[in-house]
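See below for the structure under consideration.
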Amino acid sequence: MTLKTNKLISVGIICCLSAGAMAKDLYIKEASDWGGAHPNYPASNAIDGSTDWSSRWAAEVGGEPVNLVLDLGSLQYVQDVAIAWGKGDVESYKFEIRALADENSSDWTKVYNGNSSGSTTDFENYDISDIEARWIRVKVFSNSAGSEWTNITEVKISGDGASEPGFDLDPTLPPSGNFDVEDWYLSIPVDEGDGYATDVKEKVLTSGYESDYFYTGSDGGLVFYTPVGGVVTSNNTKYVRTELREMLRRGDTSITTSSKANNWAFSSIPLSEQQYFGGIDGTLKATLAVNHVTTTTSNLQQVGRLVVGQIHAKSNEPIRLYYHKLPNNEKGALYFAHETSKSAGGDETWYNLLGNMVTSDGSLNDTSSPKDGLLLDEPFSYSIVVNGDQLVVTISQNGHELTAKEVDMSKSGYDDPDNYMYFKAGIYLQDNSSDDHDYAQVTFYELDNSHK
């Protein structure tokens, strides 16, 4: 599915300068300094999540200012910087804060200057001049005790977050007015009369279809809504979904879902068999934000977990991409599962992308809030790319790659020409133990599927 227009608009500054934009803590990719740090107290200590004195950044002034440089990883809209000063309850530091957006520039913009209070070791928040930046630099000149050492135990940066590329989406139009939906059909968790979910076919989608489960949001994005209490698609499915299923024979509802013409295959199948498929290899790209996850069960394996993108084979799933946020965590993790074909054993291997939430067998590992995770309503992009036996999954923000994983599928059994593939996108809810009224919601701003 592609946008009906490729026209890009510069919403990065427009949306983020709107009145009332709520600041949120931003992910700091890396901390460094410009020399002078104590070998036992490196710059990385300033972003390790601890305000303990033993976990501080310490740098010697020695007659020159010291500089702590914080890399946000990509261009962000920054509004506040909070600093926990070492010995901040007995010493006051004279400092300034500067910002830089372009790595090819040396023109750091001063956004704050002043003195710390000298009355607390807790975070002190500094309302800087709002700015788009990738790097924030804390430049310290001196302290009131006359010591040549600067000590910072922790730094937090907040703002409106990354500005994903804006798309010309009209909130007054149905989904088909903003997106090309002719090569997908939709499953919604509503009983169609036989006790199972309802399929909305391609021609209905292209005719302006909307419902409580699939509609255009106030920002023009494509909203998927899935309640825990919905109905499932079959006896073999435990979880409900509001999800698009790829159909490559565009709008031709006379061709069955299992037809090779409606599906695609890996280029690892024999060349003589490739002509029968609607496509060979594939790329699925999406920009989205997870708006809401379930919260009402104590089952940590399920609560707050959903699949936002898949490759489904005839029976098994070469990839399911998960977002998983636990109720007490600020951020959600991203991970995926790779399942081999039935002929290769049907085994699953799990891979962490953001956070370290699962082990390779899918068991929960680290259930703390992932420092590099994603907030609710925080836009991000994913791409799922298959080229022969190679599967590559990439997560990015604002065109900057956050993480990527590659899986060798040469022993996964998908070189069988009787197998077939199709992409899925939306919400495949992985929680059936929360209250029936609980729900998940996701908004897509871009969804593009392509094949050879």
Those residues of segment 331-347 which are under 27 Å from Thr287 (Cβ atoms) and either under 15 Å from the mean Cα position of the chain (by Cα) or open to solvent by 20 Å² or more (accessible area, probe 1.4 Å) (or both) amount to Lys331, Gly332, Ala333, Leu334, Tyr335, Phe336, Glu339
* Before we move on, is Glu148 farther than 30 Å from Asp89 by Cα and open to solvent by 60 Å² or more (accessible area, probe 1.4 Å)? -> no
Within segment 184-229, of all residues that are open to solvent by less than 20 Å² (accessible area, probe 1.4 Å) and in a loop (DSSP other than H, G, I, E, B), the one nearest to Asp435 (Cα to Cα) is Val228
Leu248 meets each of (1) exposed (fewer than 14 other Cβ atoms within 10 Å of the Cβ); (2) in contact (Cβ under 8 Å) with a residue 24 or more places away in the chain with one exception, condition (1)
Of the residues in segment 61-87, those that are more than 25 Å from Asn398 (Cα to Cα) and either in contact with a Ser or Thr (Cβ under 8 Å, 6 or more places away or on another chain) or hydrophobic (A, V, I, L, M, F, W, C) (or both) number 7
With the first residue restricted to segment 412-440 and required to be farther than 19 Å from Thr349 by Cβ, and the second required to be buried (at least 24 other Cβ atoms within 10 Å of the Cβ) and of a type in the set (Phe, Trp, Tyr), Cβ contacts under 6 Å at 6 or more apart or on different chains are Gly426/Phe224; Ile427/Phe224
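Within the group Lys331, Lys371, Lys325, which residue is touching a residue at least 24 places away in the same chain (Cβ under 8 Å), over 19 Å from Asn299 (Cα atoms) and charged (D, E, K, R)?
Exactly one residue qualifies, and that residue is Lys371.
Would you pick out the residues in segment 318-330 that are in a loop (DSSP other than H, G, I, E, B) and either within 17 Å of the chain's Cα centre (by Cα) or surrounded by 21 or more Cβ atoms within 10 Å (Cβ to Cβ) (or both)?
Pro318, Lys325, Leu326, Asn329, Glu330 - these are the residues of segment 318-330 that are in a loop (DSSP other than H, G, I, E, B) and either within 17 Å of the chain's Cα centre (by Cα) or surrounded by 21 or more Cβ atoms within 10 Å (Cβ to Cβ) (or both).
Quick grid of which residues meet (1) open to solvent by less than 50 Å² (accessible area, probe 1.4 Å); (2) closer than 19 Å to Leu248 by Cβ; (3) under 23 Å from the mean Cα position of the chain (by Cα):
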residue	(1), (2), (3)
Thr394	yes, no, yes
Thr403	yes, no, yes
Pro417	yes, yes, no
Ala425	yes, yes, yes
Asp431	yes, no, yes
Asp436	no, no, no
Tyr439	no, no, yes
Leu447	yes, yes, yes
Check: If we scan segment 106-119, do we find a residue that is over 25 Å from His400 (Cβ atoms), in a strand (DSSP E or B), open to solvent by less than 60 Å² (accessible area, probe 1.4 Å) and touching a residue at least 40 places away in the same chain (Cβ under 8 Å)?
Finding: no
Screening Ser259, Ser254, Ser272, Ser234 for residues that are in contact (Cβ under 8 Å) with a residue 24 or more places away in the chain and either hydroxyl-bearing (Ser, Thr, Tyr) or surrounded by 17 or more Cβ atoms within 10 Å (Cβ to Cβ) (or both) leaves only Ser234
| message | Going residue by residue through segment 52-64, is there one that turns out to be among the polar types (S, T, N, Q), at pLDDT 90 or above and in contact with a helix residue (DSSP H, G or I) (Cβ under 8 Å, 6 or more places away or on another chain)? | response | yes
Conditions (1) closer than 24 Å to Glu60 by Cβ; (2) in a loop (DSSP other than H, G, I, E, B); (3) modelled with pLDDT under 95 -> Ser142 fails only (2)
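The values are calculated or read from the model by the stated rules, or taken from the named source; none is laboratory data. Everything numeric in this text was worked out from a predicted model, so none of it was measured. Every residue, glycine among them, receives a Cβ derived from its backbone with ideal geometry; neighbour counts consider all protein chains shown. Heavy atoms of the whole protein, side chains included, go into the accessibility calculation; ligands, DNA and RNA do not. Shrake-Rupley method; radii C 1.70, N 1.55, O 1.52, S 1.80 Å.
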